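Colleague: Would you mind keeping the following structure in view while I ask a few things?
The values are calculated or read from the model by the stated rules, or taken from the named source; none is laboratory data. Computed from a predicted structure; not experimentally measured. Heads up, the Cβs are rebuilt from the backbone with ideal geometry, glycines too, and the neighbour counts pull from every protein chain shown.
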Amino acid sequence: MLLRRGDVNPNKPDQHDKTALGWGVYYGCGGVVKVLLQRDDINPNKRDIQGQTLLNCAAQIGHIEAVKMLLGRDDVNPNTPDNLGTTPLAWGARNGDEELVKILLGRDNVNTNYSNECCLEPLWWAAYYGYDGIVRILLGCNDINPDKPDGTG
C-alpha cells in the first residue's frame with residue numbers, strides 16, 4: 001500500500017544507510033525483496049554504511065533466495081566488493097556455502113580470482129577453512145589461478 005503512494009521513496013536509507021530492500025535482504029524477507037526488485041525505481045546496488053551491496057549482504061549471510069532474485073536483474077554486478085574487498089563469491093567460499101558458489105559460478109561474468117586488500121581470493125578462503133568441495137569446484141574453473149600468492153607471498 002505504501003508503494004502505491006507517489007510520495008514514498010523506496011530508496012530512502014535509514015541511519016545505517018540501509019533501504020527497505022536492504023533490510024528485506026538482511027532478514028530474508030523474500031516477499032518484500034521480490035516486490036521491491038520488480039520496481040524500476042529501486043536501486044539494487046545501494047551500499048550500506050559498511051560498504052556492502054545487497055548482493056554482498058545476501059551472500060555473506062547465505063540468503064540464497066535473495067541472491068537468486070538479485071542476480072535476476074541485469075543491473076546487479078556480481079563482482080562488486082564490499083569495503084573489505086570481499087566479493088559475493090569470496091563470501092560464499094569463506095562461509096563454505098557450496099550452493100551459493102555454484103549459483104555465482106553459473107554466471108559467465110563472475111571473477112574467480114578477485115582479491116581483497118590482503119590478496120585473499122575465493123580459492124584461498126575455501127582452502128584456508130578446509131572446504132574441500134568448494135576448492136574442487138573452484139579448481140574446475142578454467143580461469144582460476146591456484147598459484148596466486150596472498151599478501152604475504
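Colleague: Taking into account only those residues within region 97-117 that are of a type in the set (V, I, T) and at pLDDT below 95, which is surrounded by the most Cβ atoms within 10 Å (Cβ to Cβ)?
Modeller: Kept after step one, since they are of a type in the set (V, I, T), are these residues of region 97-117: 101, 103, 110, 112.
Okay, now just the ones that are also at pLDDT below 95, so 110, 112.
Details: V110: 21, T112: 23.
So, considering only residues that are of a type in the set (V, I, T) and at pLDDT below 95, the one surrounded by the most Cβ atoms within 10 Å (Cβ to Cβ) is T112.
Colleague: Among the residues in region 48-60, are any closer than 30 Å to R4 by Cβ, touching a Pro at 6+ places or on another chain (Cβ under 7 Å) and in contact (Cβ under 8 Å) with a residue 12 or more places away in the chain? Before the answer, list the steps.
Modeller: Restricting attention to region 48-60, the residues satisfying the condition of being closer than 30 Å to R4 by Cβ are 48-49, 52-55, 57-58.
Those left that are additionally touching a Pro at 6+ places or on another chain (Cβ under 7 Å): 54-55.
Going one step further and asking which of them are in contact (Cβ under 8 Å) with a residue 12 or more places away in the chain, we end up with 54-55.
Scanning region 48-60 turns up at least one residue that is closer than 30 Å to R4 by Cβ, touching a Pro at 6+ places or on another chain (Cβ under 7 Å) and in contact (Cβ under 8 Å) with a residue 12 or more places away in the chain.
Colleague: Now a separate question. With a cut-off of at least 2 residues that are of a type in the set (A, V, I, L, M) and within 14 Å of A59 (Cβ to Cβ), name the helices (runs of 4 or more DSSP H) lying wholly within region 76-153.
Modeller: Values: elements: 88-95, 98-105, 122-128, 132-139.
In region 76-153, the matching helices (runs of 4 or more DSSP H) lie at 88-95, 98-105.
Colleague: Further question: How many residues does region 118-153 hold that are loosely packed, with under 15 Cβ neighbours inside 10 Å and farther than 23 Å from V76 by Cβ?
Modeller: 20
Colleague: Same structure, new question: Mind telling me which of the residues K12, K18, K34, K46 ends up being charged (D, E, K, R), outside any loop (DSSP other than H, G, I, E, B) and farther than 19 Å from R107 by Cα?
Modeller: On the way: K12 fails: outside any loop (DSSP other than H, G, I, E, B); K18 fails: outside any loop (DSSP other than H, G, I, E, B); K46 fails: outside any loop (DSSP other than H, G, I, E, B).
Being charged (D, E, K, R), outside any loop (DSSP other than H, G, I, E, B) and farther than 19 Å from R107 by Cα holds for just one of K12, K18, K34, K46, which is K34.
Colleague: Is it fair to say V32 is touching a Cys at 6+ places or on another chain (Cβ under 7 Å), aliphatic (A, V, I, L, M) and surrounded by 14 or more Cβ atoms within 10 Å (Cβ to Cβ)? If you could, list the steps in order and put the result at the bottom.
Modeller: On the way: touching a Cys at 6+ places or on another chain (Cβ under 7 Å): no; aliphatic (A, V, I, L, M): yes; surrounded by 14 or more Cβ atoms within 10 Å (Cβ to Cβ): yes.
No: the conditions fail for V32.
Colleague: Taking the residues in region 1-16 that are modelled with pLDDT of 85 or more and out of contact with any Ser or Thr (no Cβ under 7 Å at 6 or more places or on another chain) as candidates, determine which candidate is surrounded by the fewest Cβ atoms within 10 Å (Cβ to Cβ). Lay out the reasoning, then the answer.
Modeller: As a first pass, look at region 1-16 and keep what is modelled with pLDDT of 85 or more: 12-15.
Subset that is out of contact with any Ser or Thr (no Cβ under 7 Å at 6 or more places or on another chain): 14-15.
On the way: D14: 12, Q15: 6.
Going through the qualifying residues, I end up with Q15.
Quick grid of which residues meet (1) assigned by TED's automatic domain parsing to the domain that holds G22; (2) closer than 28 Å to D40 by Cβ:
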site	(1), (2)
G62	yes, no
G72	yes, yes
E98	no, no
L105	no, no
N109	no, yes
R136	no, no
G153	no, no
